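Here's the structure, in structure tokens; my notes come after.
The values are calculated or read from the model by the stated rules, or taken from the named source; none is laboratory data. As the structure is a prediction and not an experimental result, all values here were calculated from the model. Reconstructed Cβ throughout: ideal geometry from the backbone, glycine too, with neighbour counts over all protein chains shown.
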Amino acid sequence: MLTEDGKHLYVSYDEYHNLIEKLAIKIHQSGWEFDTILCLARGGMRPGDILSRVFDKPLAIMSTSSYRS
């Protein structure tokens, strides 16, 4: 849901986890084979953690920064 100013997207905690579960189902249904989950630090760590547990695969975390001078 967008905020009143229309500039930000608000996703509830329950909706966030529901979307991760839907992603896991799509990955499973695709039949795609993989041996590691790679996520980007910050926003990707929670989905990466959940997916690594669901698929029983190791989790690799990559960090980056776009705010350096």
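So which residues in the range 1-21 are in a loop (DSSP other than H, G, I, E, B) and modelled with pLDDT of 90 or more?
Ser12
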> Can you tell me which residues in the range 22-50 are surrounded by 12 or more Cβ atoms within 10 Å (Cβ to Cβ) and assigned to a helix (DSSP H, G or I)?
Replying inline: Leu23, Ala24, Ile27, Met45, Arg46, Pro47, Gly48, Asp49, Ile50
>> Pairs please, first residue from the range 31-43 and within 9 Å of Leu59 (Cα to Cα) and touching a residue at least 24 places away in the same chain (Cβ under 8 Å), second anywhere and surrounded by 10 or more Cβ atoms within 10 Å (Cβ to Cβ) and among the small types (Gly, Ala, Ser), Cβ atoms under 7 Å, 6+ apart in sequence or on different chains.
In response: Thr36/Ala60; Leu38/Ala60
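Given the condition assigned to a loop (DSSP other than H, G, I, E, B) and at pLDDT 95 or above, answer yes or no: does some residue in the range 57-69 qualify?
Initially, the range 57-69 is screened for residues assigned to a loop (DSSP other than H, G, I, E, B), giving 57-58, 63-69.
Still in the running and at pLDDT 95 or above: 57-58.
Yes, the conditions are met somewhere in the range 57-69.
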